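Participant: Provided herewith is a single structure, encoded as C-alpha cells, for subsequent inquiry.
The values are calculated or read from the model by the stated rules, or taken from the named source; none is laboratory data. Here the structure is a predicted model, which is why all the values come from computation and not from measurement. Cβ coordinates were reconstructed from backbone atoms using ideal geometry, including for glycine residues, and neighbour counts include every protein chain displayed. These accessible areas exclude ligands, DNA and RNA; they are computed on the full protein's heavy atoms, side chains included. Shrake-Rupley method; radii C 1.70, N 1.55, O 1.52, S 1.80 Å.
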Amino acid sequence: LMDIASNMPATPDNPSFLIIGAMKCATTTLHRQLAELPGIFMSKPKEINFFNNDANYARGMDWYLAHFAEAQATDICGESTTGYTKRTLFPACASRIATDLPGVKLIYMMRHPIERLKSQFVHDAILGFLDPKVSLEETLEARPELICNGLYAQQLEPYIKNFGFDRILPVSFDWFTANPAHELRRVCRFIGYEHDLVPGQAELAVNVSSQRLRRNLLTRLVLDSEWT
C-alpha cells in the first residue's frame, strides 16, 4: 500500500468526504449507492478504521491514502467508518480528522435511538460480542457505549467544534429508507457531485435498501422475541 500511495496525486481532497456514522443507520447502503455512481470512488473496504484505530493511525497518511490510489484524478473520494462516532471508545477521532483532512465534509446518519440500539444488539449478538441470554439491564451496565453511540448530539459535538455546522450533513434513517433516491440526491449535492441521477440509479437506491431489509427479516424476528 505504501508503494501505491506514493503514485497518488498529493491533494487534500482525497478523500473529500467521510460517512462518520452512526452504526446501524444504513451507512453500508449509502456507501454502496455512492460507489455505483460514475465519478465517485468509495474505499474498499468500506470501513478503513484509520482515525479511530491507534495501530492503523500509526501507519500514517500514506497507508490511509493508498486505499484511494485506484481513483481517477477527477473522482470524488469517500469512505465510511462508523467507529468515527463512537466517542466513548475513540475520543481522538474528530481532532485527528481535523488535522489530517482539514477540508473534508462529513455525513452523519441517524435513526430513532431505541431502534438503533435494538439493531446493534442483534448485530453484536450475531458476532458473539454479547450474550443474548444476559438481561438488557446487565448488558447496558457492562457496555454503556451501546447507549452513547445513539446520543447523537454528544457524538457530533467535537465535529461541530472542529468543522462547524456547514460541513456536516445529517441524514435521517427514516427519510432515507422512505425516499432513498431523494436523500441520495441530497447527499450528492452536499459532496459536490454535479451529475444528475438517471432512473436506473434511483431504482438501485431502492433495491439495495429492500435487499438489506429482507436479509435482516430473520434477525428482526429474533430481536422482537428477545428484547421487546
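Participant: Being among the charged types (D, E, K, R) and either within 15 Å of Ala92 (Cα to Cα) or surrounded by fewer than 14 Cβ atoms within 10 Å (Cβ to Cβ) (or both) is the filter here, so list the residues in segment 48-63 that pass it.
Facilitator: Answer for segment 48-63, where residues must be among the charged types (D, E, K, R) and either within 15 Å of Ala92 (Cα to Cα) or surrounded by fewer than 14 Cβ atoms within 10 Å (Cβ to Cβ) (or both): just Asp54.
Participant: Still on this structure: Name the helices (runs of 4 or more DSSP H) wholly inside segment 47-124 in which the number of residues that are under 26 Å from Arg189 (Cβ atoms) is 1 or more.
Facilitator: Hits in segment 47-124: 61-65, 93-100.
Participant: Scan Phe68, Phe121 and give me the residue that is over 27 Å from Gly164 (Cα atoms) and of a type in the set (Phe, Trp, Tyr).
Facilitator: Phe121
Participant: Only one of Arg87, Arg116, Arg96 is touching a residue at least 40 places away in the same chain (Cβ under 8 Å), basic (Lys, Arg) and open to solvent by less than 40 Å² (accessible area, probe 1.4 Å). Can you tell me which?
Facilitator: Arg116
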